[in-house]
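Reading through the structure tokens given below for one structure.
The values are calculated or read from the model by the stated rules, or taken from the named source; none is laboratory data. These figures come from a predicted structure and were not determined experimentally. Cβ placement follows ideal geometry from the backbone for every residue including glycine, while neighbour counts extend to all protein chains displayed. Ligands, DNA and RNA are excluded from the accessible area calculation, which covers all protein heavy atoms including side chains. Shrake-Rupley method; radii C 1.70, N 1.55, O 1.52, S 1.80 Å.
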Amino acid sequence: MASRLGTVETVEFYVKLGGAVGDVGEIKFGFVAPKKAYEGIKDELGVIQIGEDQSARGVVFGANRPTPPRVRITYKKNEGGRGSTRSRGGSTVRYCDPDKVGRVLNGSLRDAPINVAGTDFEVKAVSMA
């Protein structure tokens, strides 16, 4: 995948949807994202990387519906050292497992590292996208 930063390594991920009892009716929503996009936060978001210990068997790519919830992650990076008021930040959107949305919105990602466009930031807040 080409970007303004050059070539970015991408990998496949999936999020489980539905399937309350014995995973009957469960859908594995597959998507492709930069390798570092979910680094350090994928367990909290319930995102599973295909190829780590999982295969792509039963994963649906390109589905329009149903889709997993998306959360907006606001991040900041203090650039001037301790006590400085100079900071840089923004927000990004990531997929989240429906069963983990409540915990994520209640602060389980606060101060966790997130990588956006090759730069590491600290998560400051999470809301629904």
- [ ] Sort Leu17, Leu105 by accessible area with a 1.4 Å probe, largest first.
- [x] Leu105, Leu17
Task: Of Lys16/Lys76; Lys28/Lys76; Lys42/Lys100; Lys28/Lys77; Lys35/Lys100, those spanning more than 23 Å from alpha-carbon to alpha-carbon - done: Lys16/Lys76; Lys28/Lys76; Lys28/Lys77
Task: Where labels lie 7 Å past Cα in the beta-carbon direction, separation of Thr67 and Ala117 in nm - done: 2.2 nm
- [ ] Run the 1.4 Å probe and let me know the accessible area of Asp111, rounded to the nearest 10 Å².
- [x] 90 Å²
